[in-house]
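Here the structure comes first, spelled out in structure tokens, and everything after it is commentary.
The values are calculated or read from the model by the stated rules, or taken from the named source; none is laboratory data. All values reported here derive from a predicted model rather than from experimental measurement. When we count neighbours, we look across all protein chains shown, and the Cβ atoms used for this are built from the backbone with ideal geometry, even at glycine. Heads up: the accessible areas ignore ligands, DNA and RNA and are worked out on the full protein's heavy atoms, side chains in. Shrake-Rupley method; radii C 1.70, N 1.55, O 1.52, S 1.80 Å.
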Amino acid sequence: MPSLQPYSTFGLAASCDSIQSFTDVASFLSIFNTSKNNNNAIYILGGGSNSIFTDDFDGTVLVNEIKGISHFDTESHHYLRVGAGENWHEFVTLCMKEKWYGFENLALIPGSVGACPIQNIGAYGREVNALIDKVECVFLETGEQVLLSNEDCQFGYRDSVFKHALANKVLITHVNFKLPKHYELETSYGELAALTEPTPEKVYSKVIEIRKSKLPDPSELGNAGSFFKNPVVSKAVFQAIAQDYDSVPHFVVSGSADFPATENEQIKIPAAWLIDQAGFKGKTLNKVRCHPTQPLVLTNLGGATGSDVITMAKDIIASVQGKFGIQLEPEVRLLGSKGLISL
Ligand SMILES: Cc1cc2nc3c(=O)[nH]c(=O)nc-3n(C[C@H](O)[C@H](O)[C@H](O)COP(=O)(O)OP(=O)(O)OC[C@H]3O[C@@H](n4cnc5c(N)ncnc54)[C@H](O)[C@@H]3O)c2cc1C
């Protein structure tokens, strides 16, 4: 039974029936159809930085290695078509070298290009949906190839159609980006705002510096980035919490500025703050630790088990629920022996 440990940045010891990689749609469909005919479950994997295998998986893991980057430009835009198996950060770095700007805030996010639309990756004030033109997919059951527009993808905060109507129904083969040649740099996020005469290169370097200082490097300490999504609550819920605490960090969902909310606004409260207040920052359960400098990240101290991860995650959810009445939702994908599981 092949080990899945090197295929997931969280690095739990788990195995599966087989691991097969593919470099084009035809080879993917061939493996997929064979698995289907044999009644084998499948799981599509990119870089494994958002997937935690909590148990041995009874099925085949298909690793996307569709590569290739093509570019053309018009007077106003750069257009890029990128194979889903390209590494996200390497792609962002290439774009910086070529002066195809727009991705600088999204530097150093682990994983593949093909996964970026799924949870609409975002960081430091920018979400990738602002730069996605179209997503090319193949329907698993029929092999039909489709081109989804940005609108078709129904992007939201860490959300898209690929987590709902199209969940487990398509393989993303390519992502097409459209980058305006004239655009505004996004520097509203705290430490970026302090940059003097910001350029895309300065933002790119600063984002990498901040990320390296705050987030554990998965090659040194197993983790899957933010374990939970930041909850979005009504103003009433926010105000009830704000009555009990001197200062509750928060963001108005409809804008990027942090200013007092008006009646109809929804407020995003950092899950890291809620988890910290619930007393989990730095807390360890066997070999799973809630990271001391970023409690939104759970880490594998080496030899953690799936049940440790699940127990700690459930404890955090229950404590935050008990203390604040807010239900945290995982941002990571958790897998059990039969496939995706929920907490
Ligand atoms: C240290 C660290 C920091 C992180 N920081 C951020 C951050 O700042 N912002 C952010 O948004 N995320 C962040 N993440 C999460 C992660 O990097 C992203 O979710 C990334 O897009 C996952 O890519 P992946 O290829 O590794 O996904 P995987 O874990 O391989 O897959 C994720 C999901 O997508 C599906 N999938 C993957 N590829 C395809 C495809 N081609 N077709 C169909 N389905 C597919 C899988 O089945 C799975 O359900 C971080 C993770 C880590 C470890």
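Summary table
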item: Residues of region 222-341: accessible area per residue with a 1.4 Å probe, Å²; result: 47
item: Most positive-pole-ward Cα, Phe103, Ala14, Thr284, against dipole of the chain from beta carbon charges; result: Thr284
item: Within region 70-108, GluC sites (Glu not before Pro) in DSSP loop having at most 16 other beta-carbon neighbours inside 10 Å; result: Glu75
item: Dipole in debye (nearest 20) - region 98-238, about Cα centre, beta carbon charges: Lys, Arg +1; Asp, Glu -1; result: 320
item: Around Val203: net Lys/Arg minus Asp/Glu count, Cβ-Cβ under 13 Å; result: -3
item: Debye, to nearest 20: dipole size of region 222-341, +1 on Lys, Arg Cβ, -1 on Asp, Glu Cβ; result: 520
item: Length released on extending from Ala167 to Thr196, taking residue separation times 0.36 nm less the Cα-Cα span; result: 6.1 nm
item: Cβ-placed point charges (K, R +1; D, E -1), dipole of the chain about Cα centre in debye, nearest 20; result: 520
item: Rough spin-label spacing in nm, given labels placed 7 Å along Cα→Cβ, for Ser307 and Phe72; result: 5.8
item: Qualifying lysines (Cα of each under 18 Å from Cα of Lys229; at least 8 residues distant if same chain); result: Lys163, Lys214, Lys268, Lys281, Lys314, Lys323
item: Share, in percent, of DSSP beta bridges within the chain that are antiparallel, nearest 5; result: 75
item: Chain lengthening between Val25 and Ser3 when straightened (0.36 nm per residue, less Cα-Cα); result: 5.4 nm
item: Ranked order, Glu144, Glu186, Glu201 - accessible area, probe 1.4 Å, largest first; result: Glu144, Glu201, Glu186
item: The chain - percent of accessible surface contributed by carbon and sulfur, probe 1.4 Å; result: 48
item: Nearest-0.05 FRET efficiency for Tyr157 and Arg81, computed from C-beta distance (R0 30 Å); result: 0.70
item: Partner lysines for Lys36 [C-alpha distance under 21 Å; skip if fewer than 8 residues away on the same chain]; result: Lys169, Lys338
item: Listed peptides 329-335, 32-38 by packing density, highest first (mean Cβ within 10 Å); result: 329-335, 32-38
item: Cβ-based net charge around Gly282, under 12 Å, with every Lys or Arg adding one and every Asp or Glu removing one; result: +2
item: Computed helical MRE - 222 nm, the chain, DSSP H runs ≥ 4 contributing -39500 (n - 2.57), nearest 500; result: -7000 deg cm²/dmol
item: Extension reserve of the Asp244-Ser219 stretch, reckoned as 0.36 nm per residue once the Cα distance is removed; result: 5.0 nm
